[in-house]
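Report on the structure given below.
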Amino acid sequence: MKGPVVIHKGLDNVYVKESTICFIDGEASKLFYRGYSIEDLAAQSTFEETAFLLIRGHLPTKQELVDFNRRILLNRPLEPGLMQLIRSFPLTSDPMDVLRTAVSALALYDPAPITDKIDGRVDKAIRILSKAPTIIAAFDRLRNRKEPIPPRSDLSLAADFLQMLTGEAPDRYDAHVMDVAMILHAEHEMNASTFSCTVTASTQADMYSIITSGIGTLRGPLHGGANEAALRTVMEVGDPSNAEDYVTRALSEGRRIMGFGHRIYKTWDPRYVILKKLGAELASQKGETKLFETAVAIEQSALKHLAGSSVFPNVDSYSGIVFHTLGIPVDLFTPVFAMSRIAGWTAHSIEYLESNRLIRPKALYVGPPSLPYTPIGARAG
Ligand code: CMC
């Protein structure tokens, strides 16, 4: 006889596969990509190298990295048809809608979008990874009634994104901060959007469909959208002296402090530690310290009120400040998160497909038993 049905709401603690991609110790504040600590990768790697590591499973040799970088460079420009499509979007479109739609449309400009070969899937993934920054920057230029700026072959993906956005190549420090921010957002185990990609991959759908579903899932305020919400909170609070008032009121009204709490981390999110340090350096370098100080005041107040609750700052408490200080508009934060996470989404989809099983959970039916059908004309009202 079958036992009682257990419903895993939110799929908490449900394992869907074995993986060698990412390890998080949420109690010890540890995060590893393919065995390498996030601290080492942030200090010594580049986004391109980290993307290779995630997708291919090992740190590249010099030649492998040269080849990988070259493929990313070659794929950065957008096909004229895709650029034309982006030009046709309403200027008021949400950039996440633009990214989702453009990534989906990339399949239309690929003569062979469907492949069941691993290398073929990696090719599609590199195509999407390379073009996502170009798509986001192009739309931002267009909505500001400026012409898109083409990618440059002498810049990293992170630096080129800032160049295509602002028209100026960033200085070395800004380029480094952007690169580290992309590394920190590249992967995070089986979160909602990665699961979404895995579900789509399990149907043997193409890479464009896989990444499009990830972008759609990342969009919500409880996932990728929290970075935007966290910065808007800091802006609304406006000054460190208002922080205590804001936090007390928000918590007493049952509202959540954005950039706090995590399903896995029950202590400091290690990405938060790195971003807070970069945020402090960036703020003092640019002489724009008020937002940073306000965020610190919110953090201190929230930590005091939430003491003993296992709710700590997550990656989003300072990512918004860092992106804002780099000159990235607020509504591009989640698209920037998405363009970085394409690396992790790809790695997980491909890993899952190596021993695929269609994902098909169940729902426990609690509705009425069989009802007699009443024709519309005979229904009350
Ligand atoms: N502010 C205040 N209280 C909180 C917060 C918060 N941000 N997050 C959780 N709590 C409290 C919550 O009210 C609950 O308290 P109680 O047990 O008294 O009802 C307790 O902590 C557990 O909350 P939960 O909702 O069961 O925990 P969860 O694992 O489902 O929460 C979360 C994860 C991310 C949805 C939640 O912490 C949250 O809504 N945070 C704000 C949004 C945010 O910053 N999201 C970014 C997540 S990190 C980026 C990513 O990986 O995508």
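What follows is calculated from the coordinates using simple rules that are stated; it is not laboratory data. Here the structure is a predicted model, which is why all the values come from computation and not from measurement. All Cβ positions, even for glycine, are placed from backbone atoms using ideal geometry, and neighbour counts span all protein chains on display.
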| query | When the chain is fully extended, how far beyond the present Cα-Cα distance does Lys2 get from Lys304, taking 0.36 nm per residue of separation? | reply | 104.0 nm
| message | Please give the charge dipole size of the chain, origin at the Cα centre, charges +1 on K and R Cβ atoms and -1 on D and E Cβ atoms. Round to the nearest 20 debye. | response | 1120 debye
| remark: In a Gaussian network model of the chain with springs linking alpha carbons closer than 10 Å, the residue among Asp206, Asp316, Asp110 that fluctuates most is Asp110
| remark: Of Glu351, Glu168, Glu48, the most mobile residue in a GNM of the chain (C-alpha springs, cutoff 10 Å) is Glu168
| Given the options Thr166, Thr198, Thr334, which has the most mean-square fluctuation in a GNM of the chain, springs set between C-alpha atoms less than 10 angstrom apart? | Thr166
| note | For region 180-318, inverting the pair-averaged 1/r of distinct alpha-carbon atoms gives a Kirkwood value in Å of 16.2 Å
| said: P(r) for region 134-200, please, calculated from all Cα pair distances in 10 Å bins and given in %. | reply: 20, 36, 29, 15, 0
| MRE, 222 nm, helices only [DSSP H, n ≥ 4, -39500 (n - 2.57), over the chain, to nearest 500] | -17500 deg cm²/dmol
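Given a Förster radius of 45 Å and the C-beta distance between Glu64 and Leu222 as r, what FRET efficiency does 1/(1 + (r/R0)^6) yield to the nearest 0.05?
0.75
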| query | Taking the alpha-carbon centroid of each part, what is the distance from region 246-285 to region 144-173 in angstrom? | reply | 29 Å
| query | Hey, quick one: spin label on Lys290, modelled 7 Å out along Cα-Cβ, who in region 318-342 has an amide N within reach, i.e. under 19 Å? | reply | 320-330
| What percentage of all Cα-Cα pairs in the chain are separated by more than 41 Å? | 16 percent
| request: For Ser241 paired with Thr374, estimate the spin-label separation in nm (one decimal), with each label point 7 Å from Cα along the Cα-to-Cβ line. | output: 6.5 nm
| So for the pair Phe23, Lys266, with labels modelled 7 Å out along Cα→Cβ, what separation do we get in nm? | 2.0 nm
| query | Lys/Arg Cβ at +1, Asp/Glu Cβ at -1, dipole of the chain taken about the Cα centre: which of Leu364, Ser349, Val16 is farthest positive-ward? | reply | Leu364
| said: Rounded to whole Å, give me the distance from the Cα center of region 322-352 to that of region 191-236. | reply: 9 Å
| remark: Beyond 25 Å (Cα-Cα) in this structure, taken from Lys17/Lys266; Lys30/Lys304; Lys276/Lys304; Lys9/Lys124, we find Lys9/Lys124
| remark: Using eta = 0.890 mPa s and T = 25 °C, Stokes-Einstein with Kirkwood Rh from Cα pairs puts D for region 1-157, in µm² s⁻¹, at 132 µm²/s
| field | Other-chain or far-sequence residues with amide H under 5 Å of Phe260's (modelled H) | value | Asn314
| said: Which one, Gly377, His188, Ile136, is farthest towards the positive end of the dipole of the chain when Lys and Arg carry +1 and Asp and Glu -1 on their Cβ? | reply: Gly377
